[in-house]
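Structure, as structure tokens:
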Amino acid sequence: MIRRVLISIPLLLVISMLIFGILALAPGDPLSEFASNPSFTDALRQNIRRTFGLDQPIPVRYAKWLAGFMHGDMGYSF
């Protein structure tokens with residue numbers, strides 16, 4: 001049983017990396033819904049991207065997500 005638990009930890013880590021990568025590379029943008037709103041300026045869009053960390057590389061975003069997940073923070077749902 002201990003062996004299975006020890007095997008499942010790296011497996012879950014690899015699965016989370018794959019899913020995170022697929023979602024990060026998927027076409028579209030979480031902020032694309034606001035593109036048709038004229039009051040949603042490019043400066044505001046960049047500020048929101050910076051606030052949510054969407055301007056950072058995928059490995060950095062994954063590491064921050066994983067650290068937050070270990071503390072019980074599952075992130076934001078777009």
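Read-outs: derived from the displayed coordinates by stated rules, not from any lab. It should be emphasised that the depicted structure is a prediction, and the values quoted were computed from it without experimental measurement.
Of the labelled options [x] 1.10; [y] 1.05; [z] 0.93, which one gives Rg/Rh (Cα atoms, Kirkwood Rh) as computed for this structure? Step by step, Rg/Rh (Cα atoms, Kirkwood Rh) for this structure corresponds to label [x].
Here the extension length gained between ARG3 and LEU66 equals 20.4 nm, from 0.36 nm per residue of separation less the Cα-Cα distance.
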